[in-house]
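*Asks:* My questions all concern the structure below.
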Amino acid sequence: MAAWAKARQKTSPSKRPQLPLVGTLPTRRGTYGTAARCNRKGPSDVSAARRKRQHPSGRARSGGRPSSNRETAAPMESHQTYLVDETEHRFARLLEAIQEREGDMLAAIQRSEVGEELDRAGGLPQGKRLAQQDAQDYLRRYEAAVVNRMRVLLPDMSPGEWLWYLRRVPSSFTAGSVLSTSGYVGALAEMMSGTMGSHPSKVIGRHASGYALPVTTAAARRVAALVSFSRLIAYAHSMARWCGKGASIKWRPDGWPYTVDNREIRPFVELYDQRMSLDSGNLLSGLGTALPPLSRRQILGPRGTQMLMFGRTTQPDSLSLPHPENQHDVVIPRRYWPLGLPLDHILDLVENLDFSTGRRDDGLLGVNLLLTQTASDIFRSSDRAAFDILQRGYSIMSKETLLAELEETLAVMLTSVDAARLPFLLPPSGEQALQALLDWRGSSFPLFPSSPVRELADAVILDVVGASESLRRLLTYSSADGKIANVRGQHFERKLQELIDDTPAKPTGVARSLIRRKIKRAGNAFTDIDAVAYRDGTLLLVDAKSKRYDDNYETGSWQAVKNLRDALEKDAAKWQQQVTAMVDENLVDELSSYSAVKGVVCTPFVPYLMSADALDFVVDGLRAVVSGGELESWCRRGQ
């Protein structure tokens with residue numbers, strides 16, 4: 001546990017302002033109308049309150065890892081109530097109607113507007129085939145034209161208003177031809193909305209249970225237009241990534257780009273997109289490592305404990321927990337879920353972070369760590385905040401409350417660690433941290449979220465999902481080899497085994513003795529086994545490769561994509577040969593006890609690959625090169 005986390009656990013109950021209520025909570029019987037504030041509690045008070053919140057039968061609030069429905073899905077008992085957000089349903093119906101009646105026309109108008117903008121900027125090379133860097137340069141010009149027209153044509157709303165509406169947009173509305181497109185288009189729309197509008201919200205409905213914006217056709221049209229523009233930008237990014245994988249592009253007369261020379265690589269790109277859409281993701285892929293499992297106790301524990309990072313669940317489901325106003329069990333949609341960020345385990349990694357882009361000087365990482373720890377404590381100590389974060393990914397509160405939260409967290413961090421030794425700068429005060437957060441600006445390519453704090457009338461929206469994604473992007477290694485590579489490689493090996501040990505594939509007995517075993521051949525060093533899993537009669541030997549998902553890889557740099565692909569395809573072929581040698585030449589006596597011994601190469605994220613050596617299935621459902629998320633899914637299969 002980090003030093004400041006230990007110190008924070010010892011603090012007395014806070015006397016700061018109580019969190020104001022957040023959001024409306026309509027049900028099939030209507031909206032809860034009784035206002036109730038969420039009192040702040042110290043560690044002992046939180047534990048007592050949790051005991052009181054248990055059902056009379058002794059069943060506590062349900063929770064757990066998102067990949068296990070058995071932990072999160074509570075039995076539907078007669079006293080439970082499904083919360084149905086009528087506001088969200090109305091907004092979804094409006095968006096669907098607009099898309100059906102006006103969607104094609106809106107897209108055509110936008111493409112025409114973008115074409116005119118491109119003509120004013122000098123046009124595009126009609127009929128000319130462009131590849132790699134030349135193509136990406138022109139695609140950036142195309143994106144700039146889209147953004148310029150978007151700023152001119154879209155009505156002015158505050159960033160807080162945009163986020164309130166966007167978090168109520170159904171995933172089907174932002175979906176494209178690829179399953180993973182929905183999340184990307186939505187994230188782009190949220191980023192762009194944070195850069196538009198500066199005035200405070202004009203019309204806000206105040207309800208007994210919180211804040212609500214008017215759900216009107218006009219509001220739905222604005223959001224539909226923003227999402228449509230975001231699709232154009234996402235399409236340009238997709239073309240850039242195609243170029244990174246070897247395709248070329250041309251432009252139609254209307255300025256619409258399309259790929260050529262892609263017939264050979266198309267099946268591999270489609271397979272990559274499919275794998276990406278099914279992968280659970282990794283919040284620390286920029287460090288070339290993985291997050292360890294986080295127990296339900298750690299997630300719901302007292303404030304000041306392990307820092308949490310929030311992400312969208314790959315398969316949203318329902319969650320049963322006590323309603324923050326009346327403590328009756330209710331069932332809500334769970335769209336977001338926390339993962340632990342073990343700073344006590346990765347400080348040795350953070351010391352080697354790449355600050356060559358000036359991130360140390362601007363203090364962005366320190367501000368983001370401060371906000372993430374603050375958001376973790378708010379989630380744990382306020383039922384109301386947890387209720388909204390699990391559904392919307394944000395919590396709404398007064399600016400004064402957020403400032404007080406930041407001040408307390410900063411005070412604990414400054415008194416618990418030697419700030420001079422930290423590889424990042426902590427803000428000098430909570431007020432300066434808050435101002436830095438309000439001034440925060442994102443980028444579209446590579447995608448970096450806009451400010452995780454947005455003003456909404458007399459309150460602020462704390463976007464914990466945006467803060468988590470920003471932190472993931474800031475935690476990035478340099479590409480240097482040597483000590484840095486060794487440190488992150490060893491860390492990835494340990495965390496990968498922890499991930500396996502949290503599943504039914506946890507090795508025991510003889511199999512466990514093979515973990516991190518160094519193997520010799522004819523008296524010489526041959527290889528080593530980084531991690532081990534066992535299930536369904538198959539012993540799985542894992543070669544962990546700590547690869548980084550950096551900005552160059554995300555934006556489709558041809559050289560970055562090619563270098564990683566070549567390295568992993570060679571690694572895959574080599575590991576299969578080494579596993580075969582270990583079995584056939586009896587280099588490891590213990591392997592003779594198993595009828596099936598297989599090997600995989602594992603990376604922190606899904607890589608783009610083309611060779612059979614890397615893409616062939618070595619066991620049912622598991623390819624020769626897999627991501628940590630894919631390996632976890634295989635280990636949990638049937639759980």
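*Asks:* If a residue must be surrounded by 17 or more Cβ atoms within 10 Å (Cβ to Cβ) and of a type outside the set (Phe, Trp, Tyr), how many such residues does segment 558-586 contain?
*Replies:* Number satisfying all stated conditions: 13.
*Asks:* Sticking with this one: Could you check segment 264-367 for helices (runs of 4 or more DSSP H) lying wholly inside it with 2 or more residues that are at pLDDT 65 or above and not basic (Lys, Arg)?
*Replies:* Here the list reads 266-278.
*Asks:* Please specify each residue of segment 107-137 satisfying the condition of being within 30 Å of the chain's Cα centre (by Cα) and touching a residue at least 24 places away in the same chain (Cβ under 8 Å).
*Replies:* Ala107, Gln110, Gln132, Gln133, Ala135, Gln136
Let's see how each residue does on (1) open to solvent by less than 10 Å² (accessible area, probe 1.4 Å); (2) modelled with pLDDT under 90; (3) more than 27 Å from Phe387 (Cβ to Cβ):
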| position | (1), (2), (3) |
| --- | --- |
| Leu188 | yes, no, yes |
| Ile204 | no, yes, no |
| Arg221 | no, no, yes |
| Tyr235 | no, no, yes |
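*Asks:* Related question: For the subset of segment 432-469 comprising residues that are over 14 Å from the mean Cα position of the chain (by Cα) and in a helix (DSSP H, G or I), which member is surrounded by the most Cβ atoms within 10 Å (Cβ to Cβ)?
*Replies:* Among residues in segment 432-469 that are over 14 Å from the mean Cα position of the chain (by Cα) and in a helix (DSSP H, G or I), the one surrounded by the most Cβ atoms within 10 Å (Cβ to Cβ) is Ala433.
*Asks:* Only one residue in Arg111, Arg141, Arg151 is open to solvent by 50 Å² or more (accessible area, probe 1.4 Å) and at pLDDT below 85, so which one is that?
*Replies:* Testing whether each residue is open to solvent by 50 Å² or more (accessible area, probe 1.4 Å) and at pLDDT below 85 leaves just Arg111.
*Asks:* Any idea how many residues of segment 592-627 are touching a residue at least 24 places away in the same chain (Cβ under 8 Å) and open to solvent by 10 Å² or more (accessible area, probe 1.4 Å)?
*Replies:* Residues meeting the conditions: 13.
*Asks:* While we're here: Please list, ordered by first then second residue, the pairs with beta carbon atoms under 6 Å, 6 or more apart or interchain, first in segment 146-165 and assigned by the TED database to the domain that holds Ala92, second of a type in the set (D, E, K, R).
*Replies:* Asn148/Glu117; Arg149/Glu113; Arg149/Glu117; Pro155/Arg222; Pro159/Arg454; Gly160/Arg454; Gly160/Glu455; Leu163/Arg454
*Asks:* Consider only pairs whose beta carbons are under 8 Å apart and that are at least six residues apart or on different chains; among these, list those whose first residue lies in segment 458-474 and is at pLDDT below 90 and among the basic types (Lys, Arg) and whose second residue is in a strand (DSSP E or B) and surrounded by fewer than 23 Cβ atoms within 10 Å (Cβ to Cβ).
*Replies:* Arg473/Phe448
*Asks:* Do we have Tyr553 as under 30 Å from Ser443 (Cβ atoms), touching a helix residue (DSSP H, G or I) at 6+ places or on another chain (Cβ under 6 Å), touching a residue at least 12 places away in the same chain (Cβ under 8 Å) and in the same structural domain as Lys506 (by the TED database) here?
*Replies:* Taking the combined requirement at face value, the residue does not satisfy it.
*Asks:* Any residue at all in segment 544-552 that's in contact with a strand residue (DSSP E or B) (Cβ under 6 Å, 6 or more places away or on another chain), buried (at least 22 other Cβ atoms within 10 Å of the Cβ), of a type outside the set (S, T, N, Q) and part of a strand (DSSP E or B)?
*Replies:* yes
*Asks:* Within segment 362-406, which residues are touching a His at 6+ places or on another chain (Cβ under 9 Å) and aromatic (Phe, Trp, Tyr)?
*Replies:* Matches in segment 362-406: Phe387 only.
The values are calculated or read from the model by the stated rules, or taken from the named source; none is laboratory data. Worth saying up front: this structure is predicted, and the values here are computed from it rather than measured. Virtual Cβ from ideal backbone geometry, glycine too; neighbours counted across all protein chains shown. SASA here: full protein model, heavy atoms, side chains in, ligands and nucleic acids out. Shrake-Rupley method; radii C 1.70, N 1.55, O 1.52, S 1.80 Å.
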